[in-house]
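*Asks:* After the structure tokens below, expect a handful of questions from me.
What follows is calculated from the coordinates using simple rules that are stated; it is not laboratory data. Note that the structure is a prediction, hence the values are computed from the model and not measured. Note that we place each Cβ from the backbone using ideal geometry, even for glycine, and neighbour counts take in every protein chain shown.
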Amino acid sequence: MENNIKKLLRNKFAVAGLLIIFLLITAAVFAPLISPYAPSEQNLSERLMKPSMTHFFGTDDLGRDIFSRMIYGARISLTVGFISVVIILIIGTFLGIVSGFYGGKIDYAIMRFTDIVLCFPTFFLILLIIAFLEPNIYNVMIVIGLTSWPGLARLVRAEVLSLKEREFILVAKMMALSNIKIFTVHILPNIISPIMVYSSLAIGGAILTESSLSFLGLGVQPPMPSWGQILTSGKDYIYIAWWLSVFPGIAILLTVLSFNLLGEAVRDVFDPKENYIEKQ
Amino acid sequence: MLIKAEHIYKIYKTNASFFHREKEFNVLNDISFSLDCGNTLSIIGESGSGKTTLAKILSALIPFDSGMLEINGKKIQSFTRRELSQTVQMIFQNPYASFNPKLTIGVSLSQAFDGNEDNKETVIKDKLFLVGLEKNILDKYPHQFSGGQRQRIAIARALLKNPEILIADEPFASLDAVSQTKIMDIFLKIKKEEKTNIIFITHDVAAAMEISDKILILKDGCVARYDSVSNIDKDKTDAYVNELLAATYMTE
């Protein structure tokens with residue numbers, strides 16, 4: 001484990017990704033201490049001000065400090081990203097393993113259900129559900145989680161299908177290991193790399209979906225700030241106040257990118273074979 | 001009688017699709033044989049003759065379609081997984097795929113134990129010694145070993161359960177000549193020192209003649225011959241056996 005952490009820290013991209021994620025988490029946790037203004041504090045005499053030393057990222061049409069709003073917005077984006085992915089991981093991994101390992105009718109039933117969910121364009125399905133439910137952060141997280149698992153379930157199933165015929169799984173069966181132990185000791189560690197990569201992409205995807213929903217007014221509701229919502233407020237002023245759209249856009253880009261970089265690096269670290277080749 | 005197999009059939013079916021009908025392949029046809037305690041059986045035949053399928057049926061990894069298979073007078077279907085693990089163990093032909101690449105050898109071997117047995121370390125040490133390996137390999141990962149070393153570790157792992165029957169499915173298949181000789185010596189040692197009955201699957205007739213008491217020759221899923229080694233050695237009238245023997249000499 002210690003070696004893995006050392007190896008992770010030797011990877012420049014992983015360090016860059018980790019640094020950005022660490023900064024974001026710190027900003028989200030210590031938001032009240034870091035932000036110079038309250039996120040909803042309006043000052044109409046200072047509306048649409050350019051970035052300056054008093055307002056690092058400028059102000060919006062109501063004179064609210066964009067920097068402070070973005071720091072609070074990080075809380076929303078990260079929470080949505082992490083919790084949605086946890087839901088995706090639980091459902092996708094469980095259904096994928098059960099489907100691939102047991103096969104037969106169970107596999108058929110799970111995969112046809114997955115196909116049905118995949119048939120719907122995810123974003124429109126989310127829009128539809130959110131339109132029926134009250135648009136708030138909890139519903140957004142749950143709906144993203146409940147609609148985005150089929151990709152992971154299929155990925156996990158495919159991995160399990162190829163793994164279960166491998167001889168070490170047959171040996172595990174012959175050693176009378178329980179199915180739970182085979183799942184946790186033999187199958188999960190061998191599919192963790194694609195799951196990690198998928199999760200890192202899914203965190204980025206969930207943050208983007210939340211931003212898009214907030215952009216359409218169906219995500220986090222005002223006055224609670226989120227990056228997507230700040231982007232929305234900037235669309236009417238794009239020609240006169242570029243900072244309203246650019247800074248939240250950069251924040252979304254950097255967050256998604258850093259999770260992808262980290263996922264990629266973690267995949268390399270978790271492969272003992274690659275570690276060995278590098279040592280040689 | 002240790003193993004009694006009567007009229008075993010195994011059919012593989014391909015999945016039907018919109019464009020194709022379901023197809024059936026008779027992999028094993030009417031296989032019957034028996035094995036007494038203390039005897040070693042070799043199953044030989046060309047690739048695709050059904051050797052590995054029969055081995056998997058004997059270790060209950062796959063079911064058979066019809067027939068009867070008993071171990072110690074008990075039908076194989078009525079064994080629990082735990083009972084079976086103490087009765088039959090199998091060594092697979094690919095030593096590279098028979099270890100979980102994410103686990104150290106120590107963790108892989110300790111899975112043969114149900115709980116926290118006190119003598120676990122001693123037993124592992126003894127079995128590793130039997131296959132000519134030291135205890136210091138336990139912290140290493142499978143990819144740090146050669147094919148021959150992995151196959152020896154696989155044999156030690158199978159023996160940790162003290163099985164009555166040890167099925168070795170082409171254990172030399174992917175090994176060089178030196179490693180093959182070492183592994184063969186280990187099997188001869190197991191036959192002599194351990195109370196384990198070996199079922200040896202190979203297409204190497206010479207190796208089969210050296211280690212076994214009885215030989216079951218499969219051809220296209222059917223029994224071509226089932227006899228004792230001495231009878232097969234004396235009677236050279238069987239064209240297929242002669243062909244197999246000739247192939248062995250050519251590889252030598």
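*Asks:* In the Gaussian network model of chain B, springs joining C-alpha atoms below 10 Å, which of B:ILE62, B:ILE215, B:ILE71 carries the largest mean-square fluctuation?
*Replies:* Of B:ILE62, B:ILE215, B:ILE71, the Gaussian network model singles out B:ILE62 as fluctuating most.
*Asks:* Which value at 222 nm does the protein assembly as shown reach when only helices count, each DSSP H run of 4 or more adding -39,500 (n - 2.57), with the total divided by all residues and rounded to the nearest 500 deg cm²/dmol?
*Replies:* -17500 deg cm²/dmol
*Asks:* In whole angstrom, how far apart do the alpha carbon centroids of segment B:184-212 and segment B:20-95 sit?
*Replies:* Computed from Cα coordinates, the inter-centre distance equals 18 Å.
*Asks:* With r defined as the distance between the Cβ atoms of B:ILE62 and A:LEU128 and R0 fixed at 60 Å, what FRET efficiency is calculated, to the nearest 0.05?
*Replies:* Using R0 = 60 Å, I get an efficiency of 0.85.
*Asks:* Quick one: Cα centre-to-centre distance for segment A:78-122 and segment A:198-271, in angstrom?
*Replies:* Going from one Cα centre to the other spans 24 Å.
*Asks:* If you don't mind, another one. Please compute, for peptide B:98-107, the average count of beta-carbon atoms on other protein chains lying within 10 Å of each residue's beta-carbon. It would help to have the intermediate numbers written out before the result.
*Replies:* Values: counts 6, 4, 12, 7, 12, 6, 1, 0, 0, 1.
The shielding value for this peptide is 5.
*Asks:* Here is a further query. Which of B:ASP185, A:ASP61 comes first, and how do the rest follow, when ranked by fewest Cβ neighbours within 10 Å?
*Replies:* B:ASP185, A:ASP61
*Asks:* Let me check I've understood the local charge: for A:TYR198, count other residues with C-beta under 15 angstrom from its C-beta, Lys and Arg +1, Asp and Glu -1. What total comes out? Display every interim value, and only then the final one.
*Replies:* Values: positive: A:ARG154, A:ARG157, A:ARG267; negative: A:GLU159, A:GLU264.
Residues close to A:TYR198 contribute a combined charge of +1.
*Asks:* State which entries of B:LYS51/B:LYS125; B:LYS102/B:LYS189; B:LYS161/B:LYS182 exceed 24 angstrom in Cα-Cα distance in the structure shown.
*Replies:* Working: B:LYS51/B:LYS125 32 Å; B:LYS102/B:LYS189 31 Å; B:LYS161/B:LYS182 22 Å.
In this structure, B:LYS51/B:LYS125; B:LYS102/B:LYS189 exceed 24 Å between Cα atoms.
*Asks:* Using a cut-off of 15 Å between beta-carbons, work out the net charge of the residues near B:ILE167 (Lys and Arg +1, Asp and Glu -1, B:ILE167 not included).
*Replies:* +2
*Asks:* Right, here's the next one. At a 10 Å Cβ-Cβ cut-off, how would you order A:ASP107, A:ASP236, fewest neighbours first? Present the calculation step by step, with values, prior to reporting the outcome.
*Replies:* On the way: A:ASP107 17, A:ASP236 11.
In order of increasing Cβ crowding within 10 Å: A:ASP236, A:ASP107.
*Asks:* Per-residue Cβ counts within 10 Å, from other chains only, averaged over B:157-169: what number is that?
*Replies:* 1
*Asks:* Also, quick follow-up: May I ask you to list the aspartates and glutamates whose Cα is less than 19 Å away from that of B:LYS236, ignoring any residue fewer than eight positions away on the same chain?
*Replies:* The reachable aspartates and glutamates, counting only those whose Cα sits under 19 Å from B:LYS236, are B:GLU46, B:ASP204, B:GLU210, B:ASP213, B:ASP227.
*Asks:* Which residue, B:ALA16, B:ALA158, B:ALA206, tops the fluctuation ranking in a GNM of chain B built on C-alpha contacts under 10 Å?
*Replies:* So, out of B:ALA16, B:ALA158, B:ALA206, the one fluctuating most is B:ALA16.
*Asks:* Can you work out the Karplus-derived ³J(HN,Hα) for every residue in segment B:171-183? Use 6.51 cos²θ - 1.76 cosθ + 1.60 with θ = phi - 60°, whole Hz, and x for glycine or proline.
*Replies:* x, 9, 3, 10, 10, 6, 4, 5, 5, 4, 4, 4, 5
*Asks:* Under 17 Å from the Cα of A:LYS6, which lysines turn up, not counting those fewer than eight places away in the same chain?
*Replies:* A:LYS273, A:LYS279
*Asks:* So what's the protein assembly as shown giving for Rg/Rh, alpha carbon basis, Kirkwood Rh from the mean inverse pair distance? Show your work: numbers first, answer last.
*Replies:* Values: Rg = 31.3 Å, Rh = 27.5 Å.
Here the Rg-to-Rh quotient is 1.14.
*Asks:* Give the average, rounded to an integer, of partner chain Cβ atoms located within 10 angstrom of each Cβ in B:85-96.
*Replies:* Working: counts 5, 1, 0, 1, 3, 4, 2, 6, 1, 2, 1, 1.
Across B:85-96, the average partner-chain Cβ count within 10 Å equals 2.
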